[in-house]
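**Q** Got a structure for you, questions after.
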Amino acid sequence: MHAIAENKSFLEKGAELLLLPVFQDEKPGAIAAKADSILGGVIAALSKKEFSGKPGTAVLLRGTGKLKRVLLFGLGKRPALNNDSLRQAGGRLAATAMALCVESVAFALPDKVDAAEATIAAVEGVMLGAYRFDKYFTDPEAKAKPVKSLAVIGGRTPKEKQALEYATIVSECSNFARELSNESGSNATPAVIARRMQEYCKVNSVSCRVLDAADAKKLGMGSFLSVAAGSVQPAKFVVMEYKGKGAKGKPIALVGKGITFDSGGISIKPSGNMDKMKHDKSGACAVVGAMAAVSRLKLPLHVVGVCPLSENLPSGSATKPGDIVKAMNGKTIEILNTDAEGRLVLADALAYAVEKFKPTAVIDIATLTGACFVALGDVRSGLMGNDDALQQKIMKAGEIEWERCWMMPMDADYDEKVKSTVADVKNIGGAMGDSGVMSGSSFLKLFVGETKWAHLDIAGTGWAEREKPYFSLGATGVGVRLFARMLKDWKG
């Protein structure tokens, strides 16, 4: 999608579909007033019953002349406005455009807002809202009608133009992560995902190399390799690196869980909703999207991305409950539940990132525990770690981008739950639901040593099971926008 910044004179050129955001109990702003003069006063003539401006309400008006259609979108009362209100407006604009087969849309920014941040939210809303995973439909009518161009009206300063470029890049990278995550297990094996990551990294000027199972074995990654033992598809270990101009100091490491399909292994899952387990690679998809965004934004940082890719399937060669494996850092792990496989691949990925890159901070992102979905639903990701300042950076970025997080406790008492009687550690904390979120992080922290570390559990936010204003059903790409924002604002 091509996005441009325009001023209100753009309205004289016309628009196939124009969105006008309107506050509750306020007169329409300057751009809306100009549009209304073109329409002959139809907006001003609307009664409150016809359009109140309450949050999320919308009215589609047929225009006149070059201004063909106008979509009024309610923002509610001004004090309650946040960036996500505008992001939702953008999603509604995209959905309306696709329903009407409109290729060119315009979004008028409201008065008296931070135009740069409003531009980011508007562009993200439209671009994320226009994405559909429709590649396997054979009927052309079933495919989404693409929105090809977007004009953002109300900000043309260099700052707003820079914001528009930022939002376009981050949205495109988010949608790539969604596309990868949405692919089915058979069409997205570790080898296929690794190849697509390499291709995407090459296009976006990110260094990328892929380690195979033999390489992992030489490195002592017994924990990682144990997960793929039941599959005929070999595991892959993707390592990405970007070093921006002017980058100084140690790198920042991003680690993403990449289980391309998770049946639970020998500890097999119930069949209901197992199809969703194609999304168990969402963490890895977020990391490759974030790496591409960082490179395209030309951030003056050194960033590495590590993605362990594996299937988790049952077979005669599969890892069995009770097996003991050794991780790259020498820790021995008693595997009591093969469906707690995410922490097994992350153990070696975290140890690898810490040993090979000596990062200033390492952040992992994973669809790790169903318990996190129980605790936080699909609203917030769980956040844990060993450094408050790092967690606050993540929290701040998440609030701005509306990829919100919630800090969970890391009390030492939780560590007791993952102590094994026959090995250094066990891969579950106890009975199902027994502090599963926290015991998962208690396990992971054993593989980062003294390095500053944070863990994001996106089990509830990695995919949408209900349509949202700017998300269709399926992968959300959560983490890409958060990481891009956090790294854009990174200081020390």
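Values in this text are rule-based calculations from the coordinates and carry no lab data. Just so it is clear, the model here is predicted, and its values are computed rather than measured. Cβ atoms come from the backbone with ideal geometry, glycine included; neighbour counts cover every protein chain shown.
**Q** Working from Cα positions, state the angle (0 to 90°, nearest 10) between the long axis of helix 388-401 and the longest principal axis of the chain.
**A** It is inclined by approximately 40 degrees.
**Q** If you don't mind, there's one more thing I want to ask. What translational diffusion coefficient, in µm²/s and rounded to a whole number, does the Stokes-Einstein relation yield for the chain at 37 °C and a viscosity of 0.692 mPa s, taking the hydrodynamic radius as the Kirkwood radius over Cα pairs? Let's see the in-between values first.
**A** Numbers: Rh = 23.4 Å.
This corresponds to a translational diffusion coefficient of 141 µm²/s.
**Q** Another question, then. Rounding to the nearest 10 and keeping the result within 0 to 90°, find how far the Cα-based axis of helix 342-357 lies from the longest principal axis of the chain.
**A** 90
**Q** State the percent of C-alpha pairs, over all pairs in region 2-157, separated by a distance greater than 18 angstrom.
**A** Value for region 2-157 (Cα pairs over 18 Å): 55 percent.
**Q** Name the residue from 303, 232, 286 whose Cα lies farthest towards the positive end of the charge dipole of region 193-326, charges +1 on Cβ of Lys and Arg and -1 on Cβ of Asp and Glu.
**A** 303
**Q** Based on alpha-carbon centroids, what's the gap between region 369-389 and region 139-157 in Å, whole number please?
**A** Rounded to whole Å, the Cα centres lie 34 Å apart.
**Q** Related question: Take the Cβ-Cβ distance between residue 374 and residue 337 as r, set R0 to 22 Å, and report the resulting FRET efficiency rounded to the nearest 0.05.
**A** 0.85
**Q** Using only alpha carbon positions, build the gyration tensor of region 157-292, then give the equivalent ellipsoid semi-axes as the square roots of 5 times its eigenvalues, largest first, whole angstrom.
**A** Ellipsoid semi-axes (Å, largest first): 30, 20, 12.
**Q** Something else now. PRE reach from residue 276 (point 7 Å along Cα→Cβ): which of region 163-207 fall under 19 Å by backbone N?
**A** Flagged as within label range: 178-186.
**Q** Still on this structure: Per-residue ellipticity at 222 nm for the chain, helices alone: DSSP H runs ≥ 4 residues times -39500 (n - 2.57), over residue total, nearest 500 deg cm²/dmol?
**A** Numbers: 14 runs with 168 residues, N = 492.
After summing the helix terms and dividing by the residues of the chain, the value is -10500 deg cm²/dmol.
**Q** With only alpha-carbon pairs counted, each pair once and no self-pairs, how large is the Kirkwood hydrodynamic radius of region 447-492 in angstroms?
**A** 12.9
**Q** Starting from region 105-204, pick out the chymotrypsin sites (Phe, Trp or Tyr not before Pro) whose DSSP state is loop and whose Cβ has at most 13 other Cβ atoms within 10 Å.
**A** 136, 137
**Q** Something else: Just to confirm the number: angle between the C-alpha axis of helix 83-100 and the first principal axis of the chain, 0 to 90 degrees, nearest 10?
**A** Approximately 70 degrees, to the nearest ten.
**Q** To the nearest 20 Debye, how big is the dipole of region 2-157 about its Cα centre, given +1 on the beta carbon of each Lys and Arg and -1 on that of each Asp and Glu?
**A** Taking the Cα centre of region 2-157 as origin, the dipole is about 240 debye.
**Q** Let me ask something else. Using 0.36 nm times the number of residues separating residue 12 and residue 44, minus their current alpha carbon distance, what extension gain do you get?
**A** 9.6 nm
**Q** Under a straight-distance cross-link criterion of Cα-Cα below 20 Å, which aspartates and glutamates are reachable from residue 48, leaving out those fewer than 8 residues away in the same chain?
**A** Filter leaves 25, 26, 36.
**Q** Just need the relative contact order of the chain here, percent rounded to a whole number, with Cα pairs under 8 Å and 6+ apart.
**A** Computed over the chain, the figure is 15 percent.
**Q** OK, next. Starting from region 437-466, pick out the trypsin sites (Lys or Arg not before Pro) whose DSSP state is loop and whose Cβ has at most 15 other Cβ atoms within 10 Å.
**A** Answer by residue number: 466.
**Q** Out of the trypsin sites (Lys or Arg not before Pro) in region 24-60, which ones are loop residues according to DSSP with at most 15 other C-beta atoms within 10 Å? Walk me through the numbers on the way to the answer.
**A** Values: sites: 34, 48, 49; in loops: 48, 49.
For trypsin sites (Lys or Arg not before Pro) across region 24-60 that sit outside H, G, I, E and B with at most 15 neighbouring Cβ atoms in 10 Å, the list reads 48, 49.
**Q** Here's a follow-up. If the cut-off is a Cα-Cα distance under 16 Å, which aspartates and glutamates reach residue 236, setting aside same-chain residues fewer than 8 apart in sequence?
**A** The qualifying aspartates and glutamates are 199, 212, 215, 262, 280, 311, 341, 348.
**Q** About its Cα centre, how strong a charge dipole does the chain have in debye, to the nearest 20, once Lys and Arg get +1 and Asp and Glu get -1 at the Cβ?
**A** Values: 64 positive and 53 negative charges, 290 e Å.
The calculation lands at about 1400 debye.
**Q** Give, in nm to one decimal, the length gained when the segment between residue 78 and residue 407 is fully stretched (0.36 nm per residue of separation minus the Cα-Cα distance).
**A** On the way: separation 329, 0.36 × 329 = 118.44 nm, distance 2.89 nm.
Extra length from residue 78 to residue 407 when fully extended: 115.5 nm.
**Q** Ranking 455, 302 by Cβ neighbours within 10 Å, fewest first, what do you get?
**A** Arranged by neighbour count, lowest to highest, 455, 302 become 302, 455.
**Q** Ranked by Cβ crowding within 10 angstrom, fewest neighbours first, how are 387, 111 ordered?
**A** Listing 387, 111 from fewest to most nearby Cβ atoms yields 387, 111.
**Q** Nearest-5 percent of antiparallel DSSP beta bridges in the chain?
**A** Numbers: 29 of 72 bridges.
Roughly 40 percent of the DSSP beta bridges within the chain come out antiparallel.
**Q** In whole Hz and in residue order, list the ³J(HN,Hα) couplings for region 195-212 that follow from phi through the Karplus curve 6.51 cos²θ - 1.76 cosθ + 1.60, θ = phi - 60°; x for Gly and Pro.
**A** 5, 5, 5, 4, 4, 5, 5, 4, 5, 9, 6, 10, 5, 8, 9, 10, 8, 9
**Q** Then there's this: Once phi is turned into ³J(HN,Hα) by the Karplus curve 6.51 cos²θ - 1.76 cosθ + 1.60 with θ = phi - 60°, what whole-Hz value does each residue of region 482-489 show in order, with x for glycine and proline?
**A** Ordered by residue, 3J(HN,Hα) equals 4, 5, 4, 5, 4, 6, 4, 9 Hz.
**Q** Can you sort 428, 333, 169 by how many other beta carbons sit within 10 Å, fewest first?
**A** Going from sparsest to densest Cβ surroundings: 169, 428, 333.
**Q** Here's something else I'd like to know. In straight Cα distance, which lysines are under 19 Å from residue 276, not counting same-chain residues fewer than 8 positions off?
**A** 135, 257, 468
**Q** Which FRET efficiency value, to the nearest 0.05, do you get for residue 269 and residue 422 by plugging their Cβ-Cβ distance into 1/(1 + (r/R0)^6) with R0 = 30 Å?
**A** 0.70
**Q** Using the structure shown, list the pairs from 148/281; 202/269; 426/491; 393/445; 358/445; 358/417 with a Cα-Cα distance above 25 Å, or answer none.
**A** From the list (148/281; 202/269; 426/491; 393/445; 358/445; 358/417), the Cα-Cα distance tops 25 Å for 148/281; 202/269; 426/491; 358/417.
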